[in-house]
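Report on the structure given below.
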């Protein structure tokens, strides 16, 4: 059954705020047992909307969801460059007011333990089943409303920076959901926040999705997969200023620790001035049994990154477990113009605990890069059981392979040359 947002009062003029009309449409669809909520024939401005079980948010080619530029009221002291942390918020009862993106209490996660200590977003779903976002249309996250040119002396890693703290909302955030499908849509103009965030979900599929964010905007990650199982990303094109694909196991906002496993990323094109694939972070739990194949990585700083920094340097985005990463496979990957093809770099300190990093297979990797690899474990936790087979590396640096604190690193049929 189809439900058109115009029938519930939505106006696609790009100016009228349609949050209430969108939510009425979703609720009506849900109350009838599910169906499609149709976005078509216009540009529809909205704040946070909540998807529910058995609802397909279908954006036709003629339809655009436009994120509201209203991220809350600020005074001059809330500017990000003046007071970046802790974030300034306006409280109303239990809800932190971020304009059209209220950070309401959530059932599945403890908001205060989320990265940036907040969970506001444009499209949200929690503990729902059989939800989807499909269609040939577009989600425009309105990132230009949340950024400004960075001063030349600011030493910022992108041309633009966030205007205010708190930081802008993420675009989509699914927590504790099952049977999630995102197909064919385009997400553009990211608001200096993550594009897709999958947190403690099962059976998730991304197919034919385009993420096209401005490379000059900060922190425009592509797809964050956290504490989730059986996730497939295929036939996608992701271009963003931060990590394209992130696989993590940060359970700190959940009631119990969860693994991240059985993630498959295949046949995708990834472009980023940071990392194409990022695995793990500070005090993540267990990440295992993941595969990354048939990928094209273009103009990336690092092709494959597994780096665990010192927790003391991290403000809010850290877990509560000892990190385990094992049984990951990378195959048939082409990297063009990477600064570093593979980086595995660990910090193991008093507040940053790592159990083991092992069993990583790299097969048929072809890379044109400055440096080939950095593998750096620790004295207490060496990286172990890493295999490179049938790989071709064309490096511009003569000293481009560095391996320290590692065991059983195996090279087979490698073709190495210095350009």
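What follows draws every value from the coordinates through simple rules; no lab data is involved. These numbers were taken from a predicted model, which means no experiment stands behind them. A quick note on method: Cβ atoms are made from the backbone with ideal geometry, for glycine too, and the neighbour counts reach across all protein chains shown.
Annotations for the structure displayed:
- Extension gain (nm, one decimal) between residue 266 and residue 387, 0.36 nm per residue minus Cα-Cα: 41.6 nm
- Segment residue 322-residue 257, extension gain: residue separation times 0.36 nm, minus the distance between their alpha carbons: 22.3 nm
- Based on alpha carbons, the Rg and Dmax found for segment 316-419 are 14.5, 44 Å.
- The share of alpha-carbon pairs in the chain lying farther apart than 37 Å comes to 22%.
- Ranked list, fewest to most other Cβ atoms within 10 Å of each Cβ, for 13, 200, 221: 13, 200, 221
- Each label was represented as a point 7 Å from its Cα along the Cα-to-Cβ direction; for residue 20 and residue 207 these points are 3.9 nm apart.
- Fraction of antiparallel bridges per DSSP, segment 309-406 only, in percent to nearest 5: 5 percent
- A simple spin-label model places pseudo-atoms 7 Å from Cα toward Cβ; at residue 41 and residue 296 they are separated by 3.8 nm.
- Cβ-derived FRET efficiency at R0 22 Å, residue 288 paired with residue 380, nearest 0.05: 0.60
- Segment 249-305 - Rg over Rh from alpha carbon coordinates, Kirkwood radius: 1.04
- Cα principal axis extents for segment 163-287, largest first, Å: 37, 34, 21
- Where labels lie 7 Å past Cα in the beta-carbon direction, separation of residue 110 and residue 62 in nm: 4.9 nm
- The stretch between residue 28 and residue 4 holds 7.6 nm of extra length on full extension. This uses 0.36 nm per residue minus the Cα-Cα distance.
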